[in-house]
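Colleague: What follows is a single structure, and I will ask about it in a moment.
The values are calculated or read from the model by the stated rules, or taken from the named source; none is laboratory data. Predicted, not measured: the structure shown is a model, and the values here were computed from it. Cβ: placed from backbone, ideal geometry, glycine included. Neighbour counts: every protein chain shown.
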Amino acid sequence: MRKSHIAYYISAHGYGHGVRSADILNALLADEPSVRVTVVTDLPARFLENRLAGAGGDWRIRAGAFDVGMVQRDSIRVDVAATLEKALDLLARRERLVAAETSWLREADVDLVVADIPSIPLEAASVAGIPGVAVGNFSWDWIYAPFAEMDARWKPIIEMFAEGYRRAETLLKLPFSPAMDVFRRRVELPLLAKPGTPRRQEMAKRTGADEQKIWVLLSFTTLDWDEAALATVAGLDDYEFFTVKPLAWSGWCNIHAVDRAEVRFSDVLASCEVVVSKPGFGILSDCVANAKPLVYAEREDFIEYPLLERELKRYLKHVHIPAVDLYAGRLGAALSAVKTAPEPPESMPGGGAEQAAALLRAALATGKKQGRDG
């Protein structure tokens, strides 16, 4: 019996896209022998293998990149000029990419395209006559829109993404999102993330951390701390700090790097009392799911920041730390303040991954029926 084939495209620009996609894929592949999935992404294979370790099912990874995101100077700051150059190159290659992907979709006998949230795969799906579903809490045309006021070269880039998004049949609209009215049909989902499992005793044995101290997760892929900043952090005797590799500094007794292959990120977070990070979809979701306070720094040149700041104030205990203090390692005042921060005024229901999986199964069934009827 032929299995239904889903091509699931994931932006590699931020691990949050991969985290939420893995949540949906875990729900989709659970006890579902009639579906096979090709994950198309430039995210590290090891990252996905770790997040999908318990999924089972028939899935594989195919390398591919169809958006450029925002070029990061580091975890907080972006490089708008470098992003524009990459986006212009993508615009120049658009027709070739659409044609090549259309051919692959047909050759691979794909029944449904899912995109989080590049637009070119949705455009290719439309050309190939295959239903396309978008998943996201923002769209790239919205992210880039403010830059067009400074440089008109952004306008055709924005329109390229908008045209692709208009071809999607449905958007599965995630929490912490703007209107996203470029999509013709939108279905709102609750929280996808699930609580992690505290593994404090195991982590203490692995790292030598003191279980009696306050544990802090530094949730960054990069963080530009010099020796002076690290020395300031090392002076915070009441705290143990944790990073997830590849972010690591050696030689500091209270800063520990954890390998996600040994301890899942969600379990590291669940084992800590507080998180320090930039506002992003993935970390907000994980903090809400695990009821963890967030100490957050501002992000520059990023339209999503005010929206995410508004949302975290609704659902999390929080304290803002100025970026200048973060880069200097001056965390003490913020970590002290978050202990007495007020409880969040709202809560968010879960079950979003299961709802998304059910909607994708329905889209798959509808698309196959239309194909037979046609």
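Colleague: Please work out if I130 is over 24 Å from P306 (Cα atoms) and either touching a Leu at 6+ places or on another chain (Cβ under 6 Å) or among the β-branched types (V, I, T) (or both).
Modeller: yes
Colleague: So which of L331, L364, L359 ends up being of a type in the set (A, V, I, L, M), in contact with a strand residue (DSSP E or B) (Cβ under 8 Å, 6 or more places away or on another chain), farther than 30 Å from G235 by Cβ and at pLDDT 95 or above?
Modeller: Among L331, L364, L359, only L359 is of a type in the set (A, V, I, L, M), in contact with a strand residue (DSSP E or B) (Cβ under 8 Å, 6 or more places away or on another chain), farther than 30 Å from G235 by Cβ and at pLDDT 95 or above.
Colleague: Moving to a separate point now. Looking only at the stretch 168-201, count how many residues are polar (S, T, N, Q) and part of a loop (DSSP other than H, G, I, E, B).
Modeller: 2
Colleague: For the stretch 239-258, give me each residue that is in a strand (DSSP E or B) and exposed (fewer than 14 other Cβ atoms within 10 Å of the Cβ).
Modeller: Listed by number, the list is empty, since nothing qualifies.
Colleague: Can you find, within the stretch 42-51, the residue that is farthest from V258 (Cα to Cα) among those that are outside any loop (DSSP other than H, G, I, E, B) and either in contact with a helix residue (DSSP H, G or I) (Cβ under 7 Å, 6 or more places away or on another chain) or at pLDDT 95 or above (or both)?
Modeller: The selected residue is L48.
Colleague: To continue, here is another question. Being closer than 26 Å to L326 by Cα, surrounded by fewer than 13 Cβ atoms within 10 Å (Cβ to Cβ) and hydrophobic (A, V, I, L, M, F, W, C) is the requirement here; does A231 meet it?
Modeller: Yes.
Colleague: Is it the case, given these coordinates, that V39 is assigned to a loop (DSSP other than H, G, I, E, B) and surrounded by 19 or more Cβ atoms within 10 Å (Cβ to Cβ)?
Modeller: Taking the combined requirement at face value, the residue does not satisfy it.
Colleague: I need the full set of residues from the stretch 12-39 which are touching a residue at least 60 places away in the same chain (Cβ under 8 Å) and in contact with a strand residue (DSSP E or B) (Cβ under 6 Å, 6 or more places away or on another chain), in order please.
Modeller: Selection gives H17, S21, V35, T38.
Colleague: Residue pairs, Cβ under 8 Å, 6 or more apart or interchain, first in the stretch 202-227 and assigned to a helix (DSSP H, G or I), second among the aromatic types (F, W, Y). List them.
Modeller: M203/F242; T207/F242
Colleague: Which helices (runs of 4 or more DSSP H) does the stretch 52-144 wholly contain that include 3 or more residues that are in contact (Cβ under 8 Å) with a residue 40 or more places away in the chain and touching a Cys at 6+ places or on another chain (Cβ under 7 Å)?
Modeller: Working: elements: 80-107, 120-128, 140-144.
Filter on the stretch 52-144 gives an empty set.
Colleague: Going by what's in this entry, would R260 be described as more than 21 Å from V319 (Cβ to Cβ) and at pLDDT below 95?
Modeller: For R260, the condition - more than 21 Å from V319 (Cβ to Cβ) and at pLDDT below 95 - is met.
Colleague: Are any residues in the stretch 1-55 within 22 Å of C287 (Cα to Cα) and of a type in the set (F, W, Y), and if so, which ones?
Modeller: Correct list: Y15, F47.
Colleague: Would you mind telling me which numbered condition in (1) over 29 Å from D79 (Cβ atoms); (2) outside any loop (DSSP other than H, G, I, E, B); (3) at pLDDT 95 or above T232 fails?
Modeller: The failed condition is (1).
Colleague: What is the residue count in the stretch 297-328 for residues that are touching a strand residue (DSSP E or B) at 6+ places or on another chain (Cβ under 8 Å) and on the phi < 0 side of the Ramachandran plot? Let's see the steps before the verdict.
Modeller: Going residue by residue through the stretch 297-328, those that are touching a strand residue (DSSP E or B) at 6+ places or on another chain (Cβ under 8 Å) are 297-302, 309, 312, 316-321, 326.
Narrowing the set further to residues that are on the phi < 0 side of the Ramachandran plot leaves 297-300, 302, 309, 312, 316-321, 326.
Looking only at that region, the number is 14.
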